[in-house]
């Protein structure tokens, strides 16, 4: 009986807290996915039409790895025909974030990250973000590019009132747990994120 009374006493506080959280969520139409960040000689920015061709090739490389390690989760049969169209659709989704990393004054894309916004069911309110696609060209790995992409994407999510992000990693990916640990120390609990392995 005492437990029920405690629950009844705290229920209004819990409901108020949930209501406040929901009131702070942004609508999909209010999301601003423009990012421009420079550090040393690396520029991280939102992808645009100029990146589509190269991103199509990079995403095809990533997809082949995803299909090998998790074929039950990843099926890109339709995209094999036209990866440029696949990327163009990603660029046009204004509620999601597609970042590219380039060296300053160079056009080559060294890496990319895609964060998808997830809405509450039957709602336009963005509940959380999911990062499932993060890729760095082999010759540019171990230079901090993936960490920069991940950190900036999480800071962007926080700036859009997204409080939770899931990072999906392949079971064969050795570096992702270390990467997430490094980034979690740098962002100092500004956003909750969880690493999920498939």
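Within the stretch 160-190, the set of residues being closer than 23 Å to residue 25 by Cα and touching a residue at least 40 places away in the same chain (Cβ under 8 Å) comprises 160, 161, 162, 163, 165.
Within the stretch 23-38, if we keep just the residues that are modelled with pLDDT under 90 and surrounded by 12 or more Cβ atoms within 10 Å (Cβ to Cβ), the residue that is nearest to residue 92 (Cα to Cα) turns out to be 33. Is it the case that some residue within the stretch 144-163 is part of a loop (DSSP other than H, G, I, E, B), at pLDDT below 90 and within 12 Å of the chain's Cα centre (by Cα)? Yes, the stretch 144-163 contains a residue that is part of a loop (DSSP other than H, G, I, E, B), at pLDDT below 90 and within 12 Å of the chain's Cα centre (by Cα). No other residue among 193, 112 is in a strand (DSSP E or B), closer than 21 Å to residue 59 by Cβ, touching a residue at least 12 places away in the same chain (Cβ under 8 Å) and under 17 Å from the mean Cα position of the chain (by Cα) apart from 112. Residue 159 satisfies every condition listed in (1) farther than 23 Å from residue 110 by Cα; (2) touching a strand residue (DSSP E or B) at 6+ places or on another chain (Cβ under 9 Å) except (2). When each of 64, 45, 75 is tested for being at pLDDT 80 or above and either under 26 Å from residue 162 (Cα atoms) or not in a helix (DSSP H, G or I) (or both), the lone residue that passes is 45. Scanning the stretch 78-109 for residues that are touching a strand residue (DSSP E or B) at 6+ places or on another chain (Cβ under 6 Å), at pLDDT 90 or above and part of a loop (DSSP other than H, G, I, E, B) turns up 96, 104.
The values are calculated or read from the model by the stated rules, or taken from the named source; none is laboratory data. Keep in mind the model is a prediction, meaning the values are calculated, not measured. Cβ sites come from the backbone with ideal geometry, for glycine too, and all protein chains shown count toward neighbours.
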